[in-house]
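Asker: I am attaching a structure below and will ask some questions about it afterwards.
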Amino acid sequence: MAHLDRVFRSNLKLRHLQLVVALDEFRHLGRTAEFLAVSQPAVSRMLVEVESMLGFTLFDRSVRGTEPTAAGESVVRFARGVLAQYERTRDEIDAAASGAAGKTRVGSMAVAMPVLLAQAVQALKARSARATVQIEEGDLTHLLPKLRLGELDLFVGRLEPGYAAPDLSTEALFEEPMVAVAGPASPVAGMAAPGWADLAALPCIMPPPWASLRVKLEQQFHRHGVQPSADLMETSSYLATLTFLGERGAVGFLAKSAAQSFERQGLCKILDLPLSLDLPPVGIITMREGRLSASSLQLMECLREAAQAARPTQE
């Protein structure tokens, strides 16, 4: 234990941590070398150096690439956290020196992107044009680990109860229902009251199988005595959904506020088809013990204001 403590406190350098994270990201010595702009033998030597200092193997090597060991995964998590804190501190110092308002890193689900987050960023920029917002889109499974490692400052999306944890602080903003949508030129878009059988007869865009919303939507089809279309596309991306609505004549499902925005742009048509879905609210997740930058706190306030303004459109 004393040996490891000495290595982590004194011997490990930033370039060692960058190497470990890059190897975990690319799982290949050659691609890691390209990313770090060094030779592959240099990567191998540096990895051997780190493993010798620690006294255990971090990555198993094979012809297929590299795979972190159990100990390697722990070191990768440590390295990601240190590098995230390094980048945050560097950005804060740069912002103070340049007079900018700093940087905030946001993980966002698609449900929050087109309206809520877009309006909040617009409001933040109106207050501080030089504030930088870095946005990564994804789901809770992908984004929560990044939040815990410090690679993200906050998450915006649906507050799925299954992901609640003591280390997380959650704040519900508003309820966001889903609606069925089709392309503007789709035959079903012209129907006064399309039914579930009409949707089942067309190509359908659904969330991925692991998404809780997927099961709820399938239950809607079954409740109305039909099976979802066998011509299925699976995505949580709103861009992909809009593309397939137009290109394939498909039907899909979007958050109501996003669908209203896209409909005003002529990108889709909201169908008059009631959906009975029990959905968690859209809100913010942060680390309970985390220290947020001024720009992150400002963005959270802008999110609250944007949510307040959006509430009448949900009724």
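The values are calculated or read from the model by the stated rules, or taken from the named source; none is laboratory data. Please read these numbers as outputs of a predicted model, since none were measured by experiment. Positions of Cβ are backbone-derived with ideal geometry, glycine not excepted, and every protein chain shown enters the neighbour counts. Note: areas computed on protein heavy atoms with side chains; ligands, DNA, RNA excluded. Shrake-Rupley method; radii C 1.70, N 1.55, O 1.52, S 1.80 Å.
Asker: Determine the pairs where a residue that is outside any helix (DSSP H, G or I), located within region 131-149, has a partner that is open to solvent by 60 Å² or more (accessible area, probe 1.4 Å) and at pLDDT 90 or above with Cβ atoms under 8 Å apart, the partner being 6 or more residues away or on another chain.
Answerer: A131/K125; A131/Q298; D139/S236
Asker: Something else: Say whether the condition of being assigned to a helix (DSSP H, G or I), charged (D, E, K, R) and crowded, with 19+ Cβ neighbours inside 10 Å is met by at least one residue in region 214-222.
Answerer: The answer is no; no qualifying residue exists.
Asker: Shifting gears a bit: For the subset of region 53-78 comprising residues that are open to solvent by less than 60 Å² (accessible area, probe 1.4 Å), hydrophobic (A, V, I, L, M, F, W, C) and under 26 Å from the mean Cα position of the chain (by Cα), which member is farthest from K146 (Cα to Cα)?
Answerer: The extreme case among them is V75.
Asker: Could you tell me which residue of region 32-52 is nearest to the chain's Cα centre (by Cα), considering only residues that are assigned to a loop (DSSP other than H, G, I, E, B) and on the phi < 0 side of the Ramachandran plot?
Answerer: V38
Asker: Kindly evaluate S229 against the criterion of being open to solvent by less than 20 Å² (accessible area, probe 1.4 Å), part of a helix (DSSP H, G or I) and hydroxyl-bearing (S, T, Y).
Answerer: No; evaluated as a whole, the condition is false for this residue.
Asker: Can you run down the residue pairs with Cβ atoms below 8 Å, 6 or more apart or on separate chains, where the first is in region 284-305 and in contact (Cβ under 8 Å) with a residue 12 or more places away in the chain and within 15 Å of T170 (Cα to Cα) and the partner is open to solvent by 70 Å² or more (accessible area, probe 1.4 Å) and polar (S, T, N, Q)?
Answerer: Matching pairs, first to second residue: I284/T170; I285/T170.
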